[in-house]
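Each remark here refers to the structure printed beneath this line.
The values are calculated or read from the model by the stated rules, or taken from the named source; none is laboratory data. These figures come from a predicted structure and were not determined experimentally. Glycine gets a Cβ as well: all are built from the backbone with ideal geometry, and neighbour counts include every protein chain shown.
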Amino acid sequence: MRLLLTGLFMTLVLAVPFLVWGNLFSGNVNRELLTAYGGWPWLGGIVLLTADILLPMPATVVMSALGAIYGPFIGGAAAAAGSFISGAIPYLCCRKLGRGAAEWIVGRDELAKGESLFGRYGGWAVALSRWMPLLPEVVACIAGMVRMPPGKFFAALACGSIPMGFAFAAMGHNMGADEPGLTIILSALVPALLWLVVGRILVRLSVGE
């Protein structure tokens, strides 16, 4: 229960900036990408996507803007990199807390339950959460707190971040602008298919353990 309450608390904390400043960021993010970073808008895009950990940054808008500037491939690579980094940082920070701190926050029994749960379903949670609002950061934090194996976490993170980055960059390049619903479906469906394959490979190779 404490682990669930911790996740809900994290979600509420992350929701506050969206409620207070969300409109401000969503209205200016395209202009920021185009004008504020000079000849380095790809770096600006990665920075903005990474800032999504704490700020109400509309990640899909940033990814679409990268696609509009660089095209679906280079823009998609930058978008995927930003999404990957924004998942890696909270995971590593929470994992760095150590087991003692995690037990103090959620309790020893709850931590053991979380470790067991993420051992079975953590890959799915990480891969499928990347396209959702707020949840990616919360899932990454909990994955770090329960010490989800790095190999499994980063593989699942890649399965979620790469399809999402390229899908929304393609939409920004007008390849999917007429069917945004399809872009959202692909950004949710492709990670599931990728993890279905990658997860099984990790089990066979024992890389995720």
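Quick rundown of the values:
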{"item": "Qualifying positions in segment 142-151 - outside any helix (DSSP H, G or I) and either free of Cβ contacts under 8 Å to residues at least 24 places away in the same chain or closer than 27 Å to Thr60 by Cα (or both)", "result": "Met148"}
{"item": "Every pair of residues 6+ apart whose Cβ atoms lie under 6 Å, when the first sits in segment 181-196 and is closer than 12 Å to Cys159 by Cβ and part of a helix (DSSP H, G or I) while the second is of a type in the set (Phe, Trp, Tyr) and at pLDDT below 80", "result": "none"}
{"item": "Complete set of residues in segment 116-141 that are farther than 19 Å from Ala59 by Cβ and either touching a helix residue (DSSP H, G or I) at 6+ places or on another chain (Cβ under 8 Å) or not charged (D, E, K, R) (or both)", "result": "Ser116, Leu117, Phe118, Gly119, Tyr121, Gly122, Gly123, Trp124"}
{"item": "The lone exception for Leu194 - which of (1) over 22 Å from Arg95 (Cα atoms); (2) within 15 Å of the chain's Cα centre (by Cα) it fails", "result": "(2)"}
{"item": "Among (1) within 25 Å of Arg204 (Cβ to Cβ); (2) modelled with pLDDT under 90; (3) buried (at least 23 other Cβ atoms within 10 Å of the Cβ), the one test that Ile142 misses", "result": "(1)"}
{"item": "Residues being in contact (Cβ under 8 Å) with a residue 40 or more places away in the chain, surrounded by fewer than 23 Cβ atoms within 10 Å (Cβ to Cβ) and in a helix (DSSP H, G or I) - total across segment 70-88", "result": "5"}
{"item": "Answer from Gly107, Gly114, Gly123, Gly181 - the residue that is buried (at least 22 other Cβ atoms within 10 Å of the Cβ) and either at positive phi or modelled with pLDDT under 85 (or both)", "result": "Gly114"}
